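> Handing you this structure, nothing more for now.
Throughout, read-outs are computed from the coordinates displayed, never taken from laboratory work. Everything numeric in this text was worked out from a predicted model, so none of it was measured. As a convention, Cβ positions derive from the backbone with ideal geometry for all residues, glycine included, and neighbour counts pool all protein chains shown.
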Amino acid sequence: MGKYFGTDGFRGEANCTLTADHAYKVGRFLGWYYTQLNRRKGDDGPARIVIGKDTRRSSYMFEYSLVGGLVASGADAYLLHVTTTPSVAYVARTESFDCGIMISASHNPYYDNGIKLINSFGEKMDESVISLVEAYLDGNLEAFGKHWPELPLAKRDQIGRTVDHVAGRNRYIGYLISLGIYSFKGMRVGLDCANGASWNIAKSVFDALGAKTYVINAEPDGYNINMNAGSTHIENLQKFVVDNGLDVGFAYDGDADRCLCVDEKGEVITGDHILYIYGKYLKERGKLLMNTVVTTVMSNFGLYKAFDELGIDYAKTKVGDKYVYEYMVQNGCRIGGEQSGHIIFSKYASTGDGILTSLKVMEVMLARKKTLSQLCEGFTFYPQVLKNVRVADKAAAQSDPDVQAAVASVAATLGDTGRILVRESGTEPVIRVMVEAENKVLCNDLVDSVVDVIKRKGHAV
């Protein structure tokens with residue numbers, strides 16, 4: 001992670017941490033850099049860069065700032081308008097764009113925003129390019145064997161243009177529909193669009209596949225994205241499913257790269273449940289390549305016990321769908337993801353895709369002729385308690401011998417009946433202490449035993 005870009009882009013409060021000037025400069029760099037790369041390959045045409053945004057009021061400001069920077073550097077900017085992060089990845093990958101940009105702060109509140117950069121393969125941008133973007137923002141760019149105190153402006157016929165590219169978003173919708181191998185006719189499906197990027201996409205996909213679709217939180221006003229809605233406030237969808245007698249419900253986040261589910265009984269189905277359901281489904285059909293499901297260190301202890309029972313291997317990566325995807329590519333795995341609902345189906349997408357995830361869950365329900373609750377049988381979700389401690393120095397807190405001794409003591413207490421995980425946040429000055437055990441009281445007590453040591457040693461602020 002760099003100074004500005006974390007595991008999921010450049011994110012922060014709009015016009016505080018992340019400003020319109022930042023966006024303009026990011027556009028200036030990308031437009032210039034990819035045009036230069038094309039020149040060096042003998043292509044005199046402008047760089048082609050595709051942009052999507054979510055429904056935050058500030059997304060329009062950042063879109064215009066990015067476009068201004070791109071065209072000023074000689075690139076052509078293609079606008080998908082309000083759309084999902086995975087749609088930008090899909091369009092970048094399938095339509096030969098030099099890169100893609102998504103304007104979103106995902107599940108964060110409306111006053112935050114972010115810039116996610118996507119390479120030409122539809123993947124998270126290469127760290128080498130991110131480093132160059134950050135160097136330019138700090139005024140110390142070294143590229144192509146030269147120092148650039150400022151980048152040249154395009155002149156005359158070299159100035160770029162803006163292209164309305166809503167057709168790309170429509171092709172993505174068509175692609176999703178094409179993945180529906182079963183008719184959804186007769187299925188009553190609830191969708192919570194979080195007043196975000198999926199609001200004008202998800203329903204049309206389910207309707208096209210024949211579902212009776214019921215939608216909540218699909219009236220964005222620029223301020224209500226994720227507000228008591230979507231995957232971070234799934235209790236609303238739980239009630240909606242039960243009250244309306246629905247077969248299943250799907251909740252997306254602000255940019256729809258994650259999905260959580262609600263079964264017919266109103267119970268929450270996490271990303272770990274989805275990994276269990278689909279991993280088992282692939283295993284049964286002999287299609288689980290490498291016999292491995294890729295998880296993160298935050299996946300539930302119960303998931304691993306369930307996989308052990310099924311004879312399914314698993315890998316554990318650092319938290320972040322970026323790391324999950326990297327492992328999948330390097331090792332040829334088909335399915336991976338996070339408990340939060342970032343699920344990657346490598347055969348169909350290069351990033352987490354909430355709508356795609358909901359379609360694949362529907363596929364298993366219809367193929368196996370089972371309810372979602374029935375598909376989860378065999379997976380016992382262990383109670384989990386996670387507490388965040390704001391600290392002055394993350395590394396110092398985690399390396400403190402007394403903190404390490406407290407963690408070791410908890411691990412010894414749990415043995416093979418649970419686990420403890422202590423890790424540094426990738427985006428905040430926070431230590432996360434998590435315990436999974438057979439009951440919640442024990443989880444709380446053991447987490448507090450570690451948190452108390454962190455505080456007693458003076459690390460907390």
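> Please work out which option in (1) 30.1; (2) 22.6; (3) 20.7 gives mean projected area of the Cα convex hull in nm² calculated from these coordinates, and answer with its label.
(2)
> Any idea what the relative contact order of the range 384-456 is, in percent, if you count C-alpha pairs under 8 Å spaced at least 6 apart?
42
> From the helices alone, meaning DSSP H stretches of at least four residues, give me the mean residue ellipticity at 222 nm for the chain, per-run term -39500 (n - 2.57), in deg cm²/dmol to the nearest 500.
Helix-only estimate at 222 nm: -12000 deg cm²/dmol.
> Throw me the Rg/Rh for the range 230-375, computed over C-alpha atoms with Kirkwood Rh, two decimals. Don't skip to the end; give the middle numbers.
Numbers: Rg = 14.2 Å, Rh = 15.0 Å.
Dividing the radius of gyration by the Kirkwood radius yields 0.95.
> Given the peptides 65-75, 43-53, 155-165, arrange them by the average over their residues of other C-beta atoms within 10 Å, most packed first.
Per-residue mean Cβ counts within 10 Å order the peptides as 65-75, 43-53, 155-165.
> Shape verdict for the range 41-182, please, from the Cα gyration tensor: rounded (a/c under 1.5), prolate (a/b greater than b/c) or oblate.
Values: a/c = 1.75, a/b = 1.47, b/c = 1.19.
Judged from the Cα gyration tensor, the range 41-182 comes out prolate (a/c at least 1.5, a/b above b/c).
> Note down the relative contact order for the chain as a percent, whole number, built from C-alpha pairs under 8 angstrom at least six residues apart. Mind showing how you got there, number by number?
Details: 1032 pairs, mean separation 55.8, N = 461.
Relative contact order for the chain comes out at 12 percent.
> Please sort 314-320, 239-245, 273-279 by packing, taking for each peptide the average over its residues of neighbouring beta carbons within 10 angstrom, highest first.
Taking the mean over residues of other Cβ atoms within 10 Å, the ranking is 273-279, 314-320, 239-245.
> Okay, moving on. Take each of the peptides 176-183, 341-348, 323-330, 98-105, average the number of other beta-carbon atoms within 10 Å over its residues, and list them starting from the highest.
98-105, 341-348, 323-330, 176-183
> Could you put 353, 76 in order, starting from the residue whose Cβ has the fewest other Cβ atoms within 10 Å?
Sorted ascending by nearby Cβ count, the order is 76, 353.
> May I ask for the distance between the Cα centers of the range 397-461 and the range 186-201, given as a whole number of Å?
38
> Pairs of alpha-carbon atoms within less than 8 angstrom and 6+ residues apart define the contacts here; what relative contact order does the range 67-120 have, in percent? Let's see the in-between values first.
Numbers: 53 pairs, mean separation 14.9, N = 54.
That works out to 28 percent.
> Let me know the shape class of the range 310-349, please: from the alpha-carbon gyration tensor, a ≥ b ≥ c as square roots of the eigenvalues, rounded when a/c is under 1.5, otherwise prolate if a/b is greater than b/c, or oblate.
It comes out rounded by the Cα gyration axes.
> Straight-line reach from residue 155: which lysines have a Cα under 23 Å away, not including same-chain ones fewer than 8 places off?
Those lysines meeting the cut-off are 25, 41, 146.
> Something else about it: With a ≥ b ≥ c taken as the square roots of the eigenvalues of the C-alpha gyration tensor of the range 384-456, please select rounded if a/c is under 1.5 and otherwise prolate if a/b is larger than b/c or oblate if it is not? List each step's numbers first, then the result.
On the way: a/c = 2.03, a/b = 1.57, b/c = 1.30.
Prolate.
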